[in-house]
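The values are calculated or read from the model by the stated rules, or taken from the named source; none is laboratory data. Note that the structure is predicted; figures quoted are calculated from it, not measured. Counting neighbours? That spans all protein chains shown, and the Cβs are built from the backbone with ideal geometry, glycine included. When the accessible area is computed, the model is the full protein with side chains, heavy atoms only, and any ligands, DNA or RNA have been set aside. Shrake-Rupley method; radii C 1.70, N 1.55, O 1.52, S 1.80 Å.
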Amino acid sequence: MSNMNTDLIAGKWSAVATDDAPFTIYPDGCRDVIYRAVPGHAPQWYISPLDDVPRSALATEGTIYFGYRIKAGAGLQSRNLLALLDGFEPDIGRVSDAVTATSIVDKLAHDALTLLRLERLALRDVAAQMHVSSRTVQRRILRQTGRTPHYWLRLARIRESINQLNASTNFAELAAECGFCDEGTVPDEMEVV
């Protein structure tokens, strides 16, 4: 494991709460570093958990959020990361530098996750490409992310099916293109994750 010299920020987002209202956060396989400024309170940085199920949160009107999506597999040292960001305004360069400085990335797990996500290869095929055993890939991904390779492969298929859902209403074609065994499996898998 090492600090890979790579940008670990997958994306950036922002939002302003327009009223006091609950909202749902859906699992997406990523953690976010979030800057939250609630009116009348000091701004605060926090790191979202890697959610397994949808959860509710409450927004306060006027709250400003800036979020930085962290790539899957980054081993965040949360306390150190938050200490580096404390007192600073949101800035992509500062956040990226702080994430890189305080993350430990297992290159094997990172590369295996990339193959699972982009190629949707079976675990044995990922292991063969990396010249290690399937068990090694399983252990390294689990240690790095807290989730199994099966979780990440299923999440990749679900993400792809959601992306294609807008373009297609034929569940049978969608299921086949995304690697599901049949069209009935798609909603079942989405519900699980």
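For the stretch 32-146, which whole percent of the accessible surface, found with a 1.4 angstrom probe, sits on carbon and sulfur atoms? Kindly include the intermediate steps, with their values, before the conclusion.
Values: 3140 of 6070 Å².
With neighbouring chains kept in place, the figure for the stretch 32-146 is 52 percent.
What does the net charge come to around Q129 if you take all other residues with beta carbon closer than 15 Å to its beta carbon, with K and R at +1 and D and E at -1? Don't skip to the answer; put the middle values down first.
Details: positive: K107, R117, R120, R124, R140; negative: D111, E119, D125.
Net local charge, Q129 excluded: +2.
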Looks like the stretch 21-128, by Cα gyration tensor root eigenvalues a ≥ b ≥ c and the a/c under 1.5 rounded cutoff (else prolate when a/b is bigger than b/c, oblate otherwise), is oblate
A chain fully extended from V16 to Y46 at 0.36 nm per residue, minus the present Cα-Cα distance, gains in nm 9.1 nm
So, with points 7 Å from each Cα along the Cβ direction, the R159-V53 label distance in nm works out to 2.3
Place a point 7 Å from the Cα of R79 in the direction of its beta carbon; the residues of the stretch 34-71 whose amide N falls under 17 Å from it are 46-47
Expressed in angstrom and rounded, the centroid-to-centroid distance over alpha carbons for the stretch 71-129 and the stretch 16-42 is 21
